[in-house]
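A quick write-up on the structure given underneath.
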Amino acid sequence: MLLTSLVSLPAWADPAMDWVQRMSDAMRNLNYHGVFVYMHENQLESMQISHRRDPGGEKERLISLNGEAREVIRDNQNLTCIWPSSRKVVVDSSRKNSFSPIFIPDDIARLEKFYQLRLLGEDRVAGAETVVVHIDPRDEFRYGMKFWINAGNGLMMKSSLLDESGREIEQVMFTSLTVYDDPADLKFDTMPQIDDSYTLVRYHRGDGDEAGEADDAWQLTRAPRGFWRESVLRRRMPDSGQTIQQMVYTDGLASLSIFIEKQGNGTHRGGTSMGAVNAYMRVLADHSITAIGEVPAITVRQVAEAVTYRGQ
């Protein structure tokens with residue numbers, strides 16, 4: 001009976017929602033260290049994660065174990081990406097789900113309006129007993145997901161992203177995962193030691209609201225049902241000096257970004273895809289409008305076509 005005797009669940013009416021809520025709480029509040037594999041675009045990556053929750057908030061470190069060396073460190077304010085091969089450190093604002101293939105929804109009650117949540121049964125992942133939950137979209141504008149949730153502690157042990165036909169297009173699976181009672185047992189700096197050969201690129205200094213910099217003349221007139229604007233900012237790229245405006249929309253599970261920049265000579269128009277990621281580009285008011293995200297192609301096209309400019 002889906003292992004309900006092993007744990008006590010929140011008193012929600014829907015057992016599937018109970019499990020997803022418990023997973024969300026566990027992934028954000030427990031202290032853990034693990035290794036997982038990430039399969040996408042016919043590639044297999046191995047990564048290591050350390051997560052700590054203490055009175056100062058959340059801290060997380062993600063390290064690649066194969067391919068190009070890279071490291072990502074997130075705390076309450078900053079997201080720091082270290083690229084040893086290019087000798088570069090990039091510091092940006094800390095945003096949920098913008099740096100890691102491990103994606104955990106937070107507004108579970110809202111999800112039910114746009115997805116159907118149901119229990120599929122039991123399974124074992126990395127030696128742990130899990131409950132399997134399927135999150136199925138109610139329309140064509142978003143992908144589905146499956147989560148394998150540890151029946152004992154609520155941590156996510158495996159996840160799959162499913163396209164419109166139910167085909168698996170991405171997978172995250174832990175091969176080992178250890179929980180620590182004391183956050184002090186997980187020690188890591190929020191900024192690694194780097195020498196003078198590294199270039200520091202700082203997009204965000206943690207001292208203000210970047211959304212105030214946005215150009216309000218650019219608007220999305222019609223978002224897919226259930227998507228809301230999570231953030232908007234305008235930044236100057238250090239390499240080219242060009243200004244790019246970015247708007248991020250989410251429904252609590254799926255998310256996409258809209259990038260607006262001055263049109264280049266070789267600007268591509270139309271749609272492209274790479275694995276789970278779809279993009280659509282059009283030109284408006286001498287600017288290129290690019291909608292991109294892990295959503296179906298119909299979603300990014302509708303969003304790109306719905307961007308307007310009131311400055312004309």
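The values are calculated or read from the model by the stated rules, or taken from the named source; none is laboratory data. Note that this is a predicted model, so its numbers are computed, not measured. Cβ atoms come from the backbone with ideal geometry, glycine included; neighbour counts cover every protein chain shown.
Odds and ends about this structure:
- For region 252-291, a residue qualifies if it is farther than 21 Å from Y309 by Cα, surrounded by 19 or more Cβ atoms within 10 Å (Cβ to Cβ) and either touching a Leu at 6+ places or on another chain (Cβ under 8 Å) or polar (S, T, N, Q) (or both), and the qualifying residues are G252, L253, S255, N278.
- Restricting attention to region 88-106, the residues that are modelled with pLDDT of 80 or more and touching an Asp or Glu at 6+ places or on another chain (Cβ under 9 Å) add up to 3.
- Screening region 39-60 for residues that are assigned to a strand (DSSP E or B) and among the polar types (S, T, N, Q) and picking the one that is farthest from F103 (Cα to Cα) gives Q43.
- Restricting V72, V35 to residues that are touching a residue at least 40 places away in the same chain (Cβ under 8 Å), surrounded by 12 or more Cβ atoms within 10 Å (Cβ to Cβ) and hydrophobic (A, V, I, L, M, F, W, C) narrows the list to V35.
- Of G127, G154, G121, all but one fail to be over 27 Å from Q302 (Cβ atoms), over 15 Å from the mean Cα position of the chain (by Cα), loosely packed, with under 15 Cβ neighbours inside 10 Å and touching a residue at least 12 places away in the same chain (Cβ under 8 Å); the exception is G121.
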